[in-house]
Amino acid sequence: MPTRRSFAAAAVAVMAAATLAGCARSGGQAGQAQADDMSLGDPNARVKVVEYASASCPHCARFAIDVFPAFKARYVDTGKARFTLKEYLTQPQVLAAGGFLLARCAGKDRYFPVLDAVFRAQDEMIQTGDFKTGLSRIAKDPGGLTDAQFEACMQDAAAAKALSARFERHLKADKVEATPTFVINGRRYEGGMTLPELDAAIARAES
């Protein structure tokens, strides 16, 4: 089983990059899906819903648990909307980075189920401060990873560097400073959204 030191190894690079990312901001247009973002639904859907979320953000967890399943069933599964998640890092950044690294290691098909499991276990992990145990449990189910694969995942410097680059892009180029932030067909909405609020925003985007 990974030690606390090995668990945090990959996150160190991410946190260092995050500190540097906060030093400067550049212009950009938020809400444009990139090739390294994770998405669900029809790429040709008329409505594009983008969420900037952190695996350690309680408001993001609340949206993922209480709102996202109904939103997905109503819009993504029916082909009406394309959903893209853009990875962001908030405190505790070890949990945020570890959650995203784990979801990526599990593979594209398991990315969103793993992230959902992280959100559902988030409160317990933050309360106990034992991120390693919580994530290692998720790594097995639904992640499908062995203990050795989990340890390698948490120490993957290249993956950590790629995550830090995504976060820097979202912070500096997209100028996103809080999570969750949603961009629906180019219109920005900051803070958690209810299903009725999403309904209204999507109706506006379709008009």
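No lab work stands behind these numbers, since they all come straight from the coordinates. No experiment lies behind these values; they were computed from the predicted model shown. So basically every Cβ, Gly included, is an ideal-geometry build from the backbone, and we count neighbours across all protein chains shown.
Starting from the amide H of TYR189, placed 1.01 Å from N in the peptide plane, find each other amide H under 5 Å away whose residue is 5 or more places distant or on another chain.
Here the answer is PHE182, VAL183, ILE184, since their amide H atoms fall under 5 Å of that of TYR189.
Quick one: length gained pulling THR133 to LYS161 fully straight, 0.36 nm per residue minus the C-alpha distance?
7.7 nm
For the chain, how many pairs of lysine residues have a Cα-Cα distance under 18 Å, where the two are 8 or more positions apart or belong to different chains?
So the count works out to 13.
Binning at 5 Å from 0, report for region 41-167 what percent of all alpha-carbon pair distances ends up in each bin.
2, 11, 21, 23, 21, 13, 7, 3, 0
Please state the charge dipole magnitude for the chain, taken about the Cα centre, from unit charges on C-beta atoms (+1 on K and R, -1 on D and E), reported in debye and rounded to the nearest 20.
It comes to approximately 400 debye.
When you have a sec, figure out the Kirkwood radius of region 94-207 from all distinct Cα pair distances and drop it here in Å to one decimal? Write out the running numbers ahead of the final one.
On the way: mean 1/r = 0.0634 Å⁻¹.
Radius from the Kirkwood sum: 15.8 Å.
Given contacts defined as C-alpha pairs under 8 Å and at least six residues apart, what's the relative contact order of the chain, whole-number percent?
36
What are the ³J(HN,Hα) values, in whole Hz, obtained from phi via the Karplus relation 6.51 cos²θ - 1.76 cosθ + 1.60 with θ = phi - 60°, for each residue of region 83-91 in sequence order, with x given for Gly and Pro?
Per residue, the Karplus-derived 3J(HN,Hα) values read 10, 10, 9, 10, 6, 10, 10, 10, 5 Hz.
For region 94-111, what does the Karplus curve 6.51 cos²θ - 1.76 cosθ + 1.60, with θ = phi - 60°, yield as ³J(HN,Hα) per residue in whole Hz, taken in order and with x for Gly and Pro?
With coefficients 6.51, -1.76 and 1.60, one gets 4, 5, 4, 5, x, x, 6, 4, 5, 4, 5, 5, 5, x, 4, 5, 10, 4 Hz.
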